[in-house]
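Derivation of every value follows stated rules applied to the coordinates shown; laboratory data play no part. Bear in mind that the values here come from a model prediction, so they are computed numbers and not experimental data. When we count neighbours, we look across all protein chains shown, and the Cβ atoms used for this are built from the backbone with ideal geometry, even at glycine.
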Amino acid sequence: MPTPSVTRTAYVTACAAYLPGNPLDNNEIAVRLGAAATTGSAAAMRARILAANGIRTRHFALDSAGQPTMLNEELAAEAVGRTIKDRGLTVSDIGLLATGTSQGDLLVPGFASMVHGRVGGGSMELLSAGGVCASGMAALNAAVRAVRLGEHDAAVAAGSELVSRALRQSRYADRPAFDAEFLRWTLSDGAGAVLVEPRPRPDRPSLRVDWVRLVSHAHEHPVCMVAGAAGDGPSTGNTWWDQPTAATADAAGMLRLRQDVRLLPRLFPAGLTEFAALVESGQLDPAGIDHVLCHFSAEHFRGRIFDLLRGAGMMIDESRWFSNLASAGNTGAASIYVALAECWESGRFKPGERVLLIVPESGRFSFAFAQLTCVAPETTDSTLPRPAAASPRSPVASAETALLGELAQVWADFERALHDVPIVARIESGNATLEDYRKLLVHLRQQVIEGGRWISRAASNFSAPWFELRSAAIRHAAEEHRDFLLLEQDFVACGGELERIRSAPKNVGSEALSAYMFQQASLPDPVDLLGAMFVIEGLGSRKATGWAQRLRDDLGLREDQTRFLTYHGAADDEHIAMLHEALRLAAADPTARAAIVRTARVVARLYAFQLAEIDHD
């Protein structure tokens, strides 16, 4: 064992994955789980989930009769052995084995102990990281730290999952709940591992670990993914340990892995907050990232992530993102390793390129990030590019990044507030009624009419130094001043009376929002209203399309009944692009920057208040 000294650099020098058996399509998956003959609501639910998650093939450690063929520890051991072999080492060379998994084969001892017993070798340090998807990254972080501190010259980190045996039909009721079925048709078996050393390998490129960050938001969110409790999560007397027998717990569904899909929309804004914090701190430069490997459990979440990053002005070009979700499925703690191994084996990374790993975990909202830089064989530290941004950012670019980061935090807070607004919760959970939708249109109309007016007033109050903002405001007012007609037409198409929507007064929240907007628009050079536009246009580009589709699906509405929401979902993308240009112009002025953020925060609260008041009107 080396003597701890100064902090060293850590490199990923080998990587491998193990996916059991042949890839199975969704029909064969149903056969292996014993669910091929299910019909009715269960079959419809399965089809809906598979259509949304985009998974085409998965790997299961189950034979054709649905019987397990391997243990989870064996999957991990395979990945670890392949990784060590790729580097030309033996297990005896390893000083630390760190593992992550959601559910091991045994309750006790720890998963790393079982994997060590399987791979053999000599005595070594072990770490068993618990959790869900981010536990694999926690294992990586432990390996990196051990090498950096000089405690070990070779450390292996692994992530592994064998969930298929818990997904078999015998464990599911005839009338399954969506929270359990969602995971059942998403999760897969597999394992992956990396080797971490203090020097690059001599025969092929390595990945220098620039930094790793893990953070939990459990203090702000309830449990989202759980096994071992019933209902909304654990409480005294309501865990599987508290039941008279394990059979009692199983009969109550406590041993099933479940996910509260109603909470999932909260995950991504919280992740954006952490992403923005990395950008603001200077650790992450989105423009300097060449490859993004992001773990997500369903393809439709990919679009949600992209929308948030674009809205915050931090999007990394879509062509740089890699995912093998469609072919490997969601392998939980192993997913990031499985994706990294595929890229590693294909030679996707070239020396000098930067790789960003992102793992959001929905268990109770944890996030893991890591930045790696590909380096040539036998490269010395003195010749490597800097671990941080590829090039210094200009003061203007830094100011713009800081402003967008603060606005991203405002948006994340706004989305959290929206989740507690009754009418929004009903729409996003699929429980909205036709009358809910009509009421939404009624209350949005009053705001839309006022919007064209305050934008026009703001345009008239910009002086010469802000001429470009004045021109943009005039164009925007011209584009939106007739939008209320779409609202009226949608309302009538849904069975509403035209007089009702035209004569309805503003609710208390709308009155407050309108008064504030006119007040700010009446001030000289109302640059701060860019913050208001960030919230209002963001709501259109990030929420409206999803709401429209959900309402059409759940209420059987036609496209001509949701034109306003659909139009704003598309048109506001263009408006967001114009807004970002305006924010770039204003970001250089510290006073304007502070005012923009403050107004965004006020408008976000007033907008949520306006929507909440729909149920109180």
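Count the DSSP beta bridges whose two residues both fall in the chain, then state the antiparallel fraction as a percent rounded to the nearest 5.
Values: 40 of 57 bridges.
Antiparallel: roughly 70 percent of the beta bridges in the chain.
How big is the Kirkwood radius of segment 159-200, worked out from every pair of different alpha carbons and given in Å to one decimal?
Working: mean 1/r = 0.0782 Å⁻¹.
Answer for segment 159-200: a Kirkwood hydrodynamic radius of 12.8 Å.
Once you charge only the Cβ atoms, +1 for Lys and Arg and -1 for Asp and Glu, what is the size of the charge dipole of the chain about its Cα centre, to the nearest 20 debye? Mind dumping the intermediate values first?
Values: 60 positive and 72 negative charges, 61 e Å.
Charge dipole of the chain: 300 debye, to the nearest 20.
Using θ = phi - 60° and the Karplus form 6.51 cos²θ - 1.76 cosθ + 1.60, what ³J(HN,Hα) does each residue of segment 188-193 get, whole Hz, x for Gly and Pro?
Taking θ as phi minus 60°, the curve returns 9, 9, x, 8, x, 8 Hz for segment 188-193.
List the relative contact order of the chain as a percent without decimals, with contacts defined as Cα pairs under 8 Å and 6+ residues apart.
On the way: 1183 pairs, mean separation 93.5, N = 617.
Worked out over the chain, it gives 15 percent.
If you average the C-alpha positions of segment 205-266 and of segment 318-345 separately, how far apart do those two centres end up, in angstrom?
23
Which peptide among 598-611, 344-357 comes first, and what is the full order, when sorted by highest mean count of other Cβ atoms within 10 Å? Don't skip to the end; give the middle numbers.
On the way: 598-611: 21.4, 344-357: 17.4.
Result, highest mean first: 598-611, 344-357.
For segment 477-541, what does the convex hull of the Cα positions come to per residue, in cubic angstrom? Before the final figure, lay out the partial values.
Numbers: hull volume 7.7 nm³, N = 65.
Measuring per residue, one finds 119 Å³ for the Cα hull of segment 477-541.
Would you work out if segment 396-516 is rounded, prolate or oblate? Take a ≥ b ≥ c from the square roots of the eigenvalues of the alpha-carbon gyration tensor; rounded if a/c is under 1.5, else prolate when a/b is larger than b/c, oblate otherwise.
Oblate.
Over the chain, how many pairs of lysines fall under 26 Å by alpha carbon, counting only those 8 or more apart in sequence or from different chains? Intermediate results must be reported in sequence, preceding the final value.
Values: K85/K350; K439/K506; K439/K543; K506/K543.
Lysine pairs meeting the criterion: 4.
Give the share of C-alpha pairs in each 10 angstrom bin for segment 424-470, from 0 to the last occupied bin, in whole percents, shortest bins first.
23, 28, 21, 19, 10, 0
Scattering from the C-alpha atoms of the chain alone, worked out with Debye: what is log10 I(q)/I(0) at q = 0.07, 0.09, 0.11, 0.12 1/Å?
Results for the chain at q = 0.07, 0.09, 0.11, 0.12 Å⁻¹ read -0.50, -0.80, -1.10, -1.23.
Out of residues 5 or more away from G100 or on other chains, whose amide H comes under 5 Å of its own, with H placed 1.01 Å from N in the peptide plane?
A129, A158, G159, S160
Could you work out the mean projected area of the convex hull around the alpha carbons of segment 395-615, in square nanometres to one decimal? Mind showing how you got there, number by number?
On the way: hull surface 44.0 nm².
The Cα convex hull of segment 395-615, projected and averaged over all directions, gives 11.0 nm².
Please give the charge dipole size of segment 489-617, origin at the Cα centre, charges +1 on K and R Cβ atoms and -1 on D and E Cβ atoms. Round to the nearest 20 debye.
300
Could you tell me which GluC sites (Glu not before Pro) in segment 260-343 are loop residues by DSSP with no more than 11 other beta carbons within 10 angstrom of their beta carbon?
On the way: sites: E274, E280, E299, E318, E342; in loops: none.
Filter output for segment 260-343: empty list.
As a test of the formula, what do you get for the chain when each DSSP H run with n ≥ 4 contributes -39,500 (n - 2.57) and the sum is divided by the residue count, at 222 nm and rounded to the nearest 500 deg cm²/dmol?
On the way: 22 runs with 294 residues, N = 617.
Estimated from H runs of four or more residues: -15000 deg cm²/dmol.
Within the P(r) computed for segment 211-315, what percentage of the Cα pairs occupies the region above 16 Å? The partial results should precede the final answer.
On the way: 3696 of 5460 pairs.
For segment 211-315, the share of Cα pairs beyond 16 Å comes to 68 percent.
Which three lengths, in whole Å and largest first, does segment 11-205 cover when its Cα atoms are put on their principal axes?
Over segment 11-205, Cα extents along the principal axes are 59, 36, 26 Å.
Among the complete DSSP H segments of the chain, which ones combine at least 18 Å of alpha-carbon extent along their axis with a mean Kyte-Doolittle hydropathy of 0.5 or more? Write out the running numbers ahead of the final one.
Values: long enough: 40-53 (20 Å, 0.52); 72-87 (23 Å, -0.85); 135-148 (20 Å, 0.67); 264-281 (27 Å, 0.77); 299-311 (19 Å, -0.52); 395-418 (34 Å, 0.45); 434-460 (40 Å, -0.41); 467-480 (20 Å, -0.37); 508-521 (20 Å, 0.31); 563-587 (34 Å, 0.01); 590-612 (33 Å, 0.62).
Correct list, ordered by number: 40-53, 135-148, 264-281, 590-612.
Given Cβ point charges of +1 (Lys, Arg) and -1 (Asp, Glu) and nothing else, what value in debye, to the nearest 20, does the dipole of segment 11-205 about its Cα centre take?
Charge dipole of segment 11-205: 420 debye, to the nearest 20.
Quick one: 3J(HN,Hα) in Hz for segment 24-31, Karplus 6.51/-1.76/1.60 with θ = phi - 60°, rounded, Gly and Pro as x.
Rounded to whole hertz, the list is 10, 6, 5, 5, 5, 4, 4, 5.
Tell me which residues come under 5 Å, amide H to amide H, from N330 once H is placed; ignore anything under 5 positions away on its chain.
S188
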